[in-house]
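Below is one structure; the comments refer to it alone.
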Amino acid sequence: MTHLQIAKWGNSLAVRIPADYVRQIGVKEGDQLLAQVGADGALSLRPAAQWSRKAFAQELRLNTQTLPPGTSVMAQLRDEARF
């Protein structure tokens, strides 16, 4: 989680998005985001463009590297089977 600062930009307010987040969601300057405010007041930003294969592949690669290797589901079921 990162704390972001709100700054004045003309008559509006702006939030600067850190480069790490920009890479993760696969957006670039000029792209549009969809903004939604939840019932709890949470602000959600999503890329307005269609699903990005590149961003998904990057996220998958990052998540795969951080996950510990597991055991096969079938092996686990066989080990825990009660006959």
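Odds and ends about this structure:
- Looking only at segment 5-25, and only at residues there that are loosely packed, with under 10 Cβ neighbours inside 10 Å and of a type in the set (S, T, N, Q), the one that is nearest to residue 57 (Cα to Cα): 5
- Subset tally (residues that are surrounded by 11 or more Cβ atoms within 10 Å (Cβ to Cβ) and out of contact with any Leu (no Cβ under 6 Å at 6 or more places or on another chain)) for segment 26-46: 3
- Among the residues making up segment 29-62, a single one is polar (S, T, N, Q), free of Cβ contacts under 8 Å to residues at least 12 places away in the same chain and either more than 25 Å from residue 14 (Cβ to Cβ) or not in a strand (DSSP E or B) (or both): 50.
- On the stretch given as segment 24-71, residues that are in contact with a helix residue (DSSP H, G or I) (Cβ under 7 Å, 6 or more places away or on another chain) and among the charged types (D, E, K, R) total 1.
- Checking residue 66 against (1) surrounded by 10 or more Cβ atoms within 10 Å (Cβ to Cβ); (2) of a type outside the set (A, V, I, L, M); (3) within 20 Å of the chain's Cα centre (by Cα), the condition it does not meet: (1)
Read-outs: derived from the displayed coordinates by stated rules, not from any lab. Just so it is clear, the model here is predicted, and its values are computed rather than measured. Backbone-built Cβ (ideal geometry, glycine too); neighbour counts: all protein chains shown.
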